[in-house]
Every structure is written in C-alpha cells, then in structure tokens.
Amino acid sequence: MALAITNENYEALMASGQPVVIDFWAEWCGPCRMVGPIIDELAAEYEGKVVIGKCDVDSCDDIVSQYRVRNIPTIVFIKGGEVVDKVVGATSKDTLKAKVEALL
C-alpha cells in the first residue's frame, strides 16, 4: 500500500535520501482511481528501495503548490531532491514501472 503523504510527513520523507514517487490524486477523480491500484502495487514491489506515496490534492495545498500540480493524476518522480520526471494523466503500469526503475 502506498504511503499517505501529508504536510506533516513530507519534510521527513524528502530528507530520507531515497528516491520518491508522489501520486497527486483526489477521491472524486475517476482517472486517479484507475491509477491508484497501480501505485499501490508499485509501492509493494519497490518497498525499501523507493518511497512511493499518494498526496491528496484537497488536503495538501503546500505540496501541490510546490510541484505546480494543475491536473490530476500527476505523478512526480524525485531523485536527490530534484524532480527528474513527471506523468500527467492516467497511464499504464509498464510506463510507471520503467520510470521508477530509472530512479534506481
């Protein structure tokens, strides 16, 4: 299961030094609900190697603003504290898995 990323745990998460994948989503978003299970699967597959989590855009304005998220789902790939890739919209598990592999 993907980690719930909140304003409270975000700083510690980023300080961990591990690559991070953030899925910006909302409960009311249909495409987000399609991508959600894929994010959960990837979180289980890469546990201990990559931090994979979900950030609810309705409750984390600061994080949403920081990454300039305008559309959801938006999935941001972070390595060394820098955004190295981004996917906007629903996409396949194979595409996301390739992007996670590129972080390693």
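The values are calculated or read from the model by the stated rules, or taken from the named source; none is laboratory data. Predicted model, so just to flag it, every value in this text is computed and none were measured. Cβ sites come from the backbone with ideal geometry, for glycine too, and all protein chains shown count toward neighbours. The area values use the complete protein model at the heavy-atom level, side chains included, leaving out ligands, DNA and RNA. Shrake-Rupley method; radii C 1.70, N 1.55, O 1.52, S 1.80 Å.
Below, the figures for the structure above:
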read-out: Of all residues making up region 37-68, the number that are among the basic types (K, R), within 11 Å of the chain's Cα centre (by Cα) and more than 11 Å from A4 (Cα to Cα); value: 0
read-out: Tally, over region 77-89, of residues that are out of contact with any Asp or Glu (no Cβ under 8 Å at 6 or more places or on another chain) and open to solvent by less than 70 Å² (accessible area, probe 1.4 Å); value: 5
read-out: Scope region 17-71; condition small (G, A, S) and more than 16 Å from V100 (Cβ to Cβ); matching residues; value: G17, A26, G30, S59, S65
read-out: Those residues of region 18-56 which are in contact with a strand residue (DSSP E or B) (Cβ under 7 Å, 6 or more places away or on another chain) and surrounded by fewer than 19 Cβ atoms within 10 Å (Cβ to Cβ), in sequence order; value: Q18, A26, G36, D56
read-out: Residue ranges of helices (runs of 4 or more DSSP H) in region 29-104 with at least 3 members touching a helix residue (DSSP H, G or I) at 6+ places or on another chain (Cβ under 8 Å) and modelled with pLDDT of 95 or more; value: 30-45, 93-103
read-out: Residue count for region 90-101, restricted to those that are touching a strand residue (DSSP E or B) at 6+ places or on another chain (Cβ under 8 Å) and loosely packed, with under 14 Cβ neighbours inside 10 Å; value: 1
read-out: Conditions (1) at pLDDT 95 or above; (2) in a loop (DSSP other than H, G, I, E, B): number failed by Q18; value: (1)
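One line per residue, one yes/no per condition, for (1) without any contact (Cβ under 8 Å) to a residue 24 or more places away in the chain; (2) touching a Leu at 6+ places or on another chain (Cβ under 9 Å); (3) polar (S, T, N, Q):
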{"site": "G17", "(1), (2), (3)": "yes, no, no"}
{"site": "C29", "(1), (2), (3)": "no, no, no"}
{"site": "A43", "(1), (2), (3)": "no, yes, no"}
{"site": "D56", "(1), (2), (3)": "no, no, no"}
{"site": "V83", "(1), (2), (3)": "yes, no, no"}
{"site": "T91", "(1), (2), (3)": "no, no, yes"}
